[in-house]
1. Using a probe of 1.4 angstrom, how much of the accessible area of the stretch 251-384 is carbon and sulfur, in percent?
2. I need to check one value: relative contact order of the stretch 189-264, counting alpha carbon pairs closer than 8 Å and at least 6 residues apart, in percent.
3. At 1.4 Å probe radius, can you tell me the per residue accessible area of the stretch 277-380 in Å²?
4. Please calculate how many Å² of accessible area the stretch 43-106 carries per residue, with a 1.4 Å probe and no DNA, RNA or ligand atoms counted.
5. Loop only by DSSP, 16 or fewer other Cβ within 10 Å of the Cβ. Give me the GluC sites (Glu not before Pro) in the stretch 496-570 that pass, ordered by residue number.
6. Which one, [x] 37, 30, 22; [y] 55, 23, 20; [z] 33, 28, 27, gives semi-axes √(5λ) of the Cα gyration tensor in Å as derived from the coordinates shown?
7. Taking 51 Å as R0, compute the FRET efficiency from the Cβ-Cβ separation of Asp381 and Asn221 and round it to 0.05.
8. Just the accessible area per residue of the stretch 445-570, please: how many Å² with a 1.4 Å probe?
Amino acid sequence: MATGYGILILKLFGIFFLSFLINTQSAESARIRRYKFEVKYEYKSPDCFEKLVITINGKSPGPTIRAQQGDTVIVELKNNLGTENVAIHWHGIRQIGTPWFDGTEGVTQCPILPGETFTYKFVVDRAGTYLYHAHYGMQRESGLYGSIRVALPDGESEPFSYDLDRSIILNDWYHKSTYEEAAGLSAIPFQWVGEPQSLLIQGKGRFDCSLLDASACNASNPECSLYSLTVVYGKTYRLRISSITALSALSFQIEGHNMTIVEADGHYVEPIVVQNLFIYSGETYSVLVKADQDPSRNYWAATSIVSRPSNTSQGLAILNYYPNHPRKSPLTTPPAKPVWNDADTRLAQSQTIKSLKGHVLIPPTKSERVMVFLNTQNTVDGYRRWSVNNVSFNLPQTPYLIALKENLTDAFNQTSPPEDYDFTNYDIYIKQNNSNATSSDGIHRLVFNSTVDIILQNANTMNVNNSETHPWHLHGNDFWVLGYGKGKFDRYNDPNKYNLENPIMKNTVAVHPYGWTALRIIANNPGVWLFHCHLESHFYMGMALVFETGIEKLGKLPSSIMGCGATKGK
């Protein structure tokens, strides 16, 4: 068991390592990777239904950012949306030393106004599979997203072998605009967004156009031809699979092929062979697939909605064995959908994922603070909201990072929201009144370099016998996943069951229906960091909170992030 002295050494090493990354990038090994993004609306038909889509350089998904560990990435973003602000978050990139370029409007920067050009500049400090996406309003589900692929430095190798790798983003797709959806979510009476019309694989899907007018949906449009992944018999492929869904938890399958999970959110895992990869919004995985089936034909890849009783059709793609034609659809039936409400199987897969031996970062054995966050659905002033400990989150007009650094104490509520709930009396299995629900833009302040446990507790929604899956994403930090469980977290006994030997580190984690997930972090990255449900409608409705730590250690903020709220004219 680690001693108190050992924990101190771990923390001091963490500070030294962060400082090393920030200040001692080798000019010989690190490179500068430059990208230019033009963001604008265009008419596109990703699932054969034509609608306005936010594109980057004319495409959705946008360009894949490729870099090596230690490189500096510079993205010059031109906002050509015309009447709409924008911001882009670099999902999974910890922004060590550059919290102002996290890309979170209202938290770390003011939005980028129409016609303006903004430059993001940050170091990619760890190899792995990551994402980027819009972080303004609900723009992400309008098509503004893409992949980030970070390779190891020259001379280093992965702890697994493969011949080629590919990035695949899974997404759900709505035909309504995000403005229509947001208006319904903010209405009295409440109007839910409903289930998505389609599922996309790498930006392509296929809606049944017979259900719509021919002028709106054209099944012969080449834009909605299914995504085709070409493979050569006998070779092994690393598929970097990410989910950017607005609402849906997904499964992913490849007909006749096993997948071996080897990476999760940029961390190596003990290899797990699966036929079905369950993936939640904001998560990234690498799986190895061996092209070892009959090469005379093509095979289906399929993604399906789980955890919700959805009637949305499967999203399909083609695993194309060369030299078969890449557009030739298999004559077989796509893999069957998993049972949508089989939560036990999904929970079991979450519990199976552990850090790879030889690559384990051991967490501190104890924490100095425990925060328990109950996920609830509430009515606040007549509006349907999502809340944490009965407090629904609102973004301030002045971004927190600026307000805190400039000591603008009137910019947001200085009272921190509660970090616990009535554990003894709250019944997570029934529809609660939650009449004490409120809203706030207050934040949680963490002592710099302290070890903090976060318990995410799920509960019943405002619908009887219903508890949803929530993928929680933390900006600026990774956390250890110490455990998952069913029912109400037992704060006296469940900590004794924590995995302290080889827990996986992640930046996004699922809280399963009527269950709990336990996390541990070391608050050693100075900045202001959003922690939120990665489902667009849930975040929009207030399912979020903010951590601040070490703000006094930051230097002068760049003027480019200012210009809104109390910083207008500065």
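1. Answer for the stretch 251-384 is 52 percent, counting heavy atoms of protein chains only.
2. 22 percent.
3. Working: 4570 Å² over 104 residues.
On a per-residue basis, the stretch 277-380 sits at 44 Å².
4. Result: 28 Å² of accessible area for each residue.
5. Working: sites: Glu501, Glu536, Glu548, Glu552; in loops: Glu501.
Here the GluC sites (Glu not before Pro) that fit, given the DSSP loop and packing criteria, are Glu501.
6. Correct label is [z].
7. Efficiency, rounded to the nearest 0.05: 0.70.
8. Details: 3880 Å² over 126 residues.
That works out to 31 Å² per residue.
The values are calculated or read from the model by the stated rules, or taken from the named source; none is laboratory data. Nothing here was measured: the structure is a model prediction, and the numbers come from that model. Here Cβ is always computed from backbone atoms with ideal geometry, including for glycine, and neighbour counts include all displayed protein chains. These area figures cover heavy atoms from the full protein model, side chains too; ligands, DNA and RNA do not enter into them. Shrake-Rupley method; radii C 1.70, N 1.55, O 1.52, S 1.80 Å.
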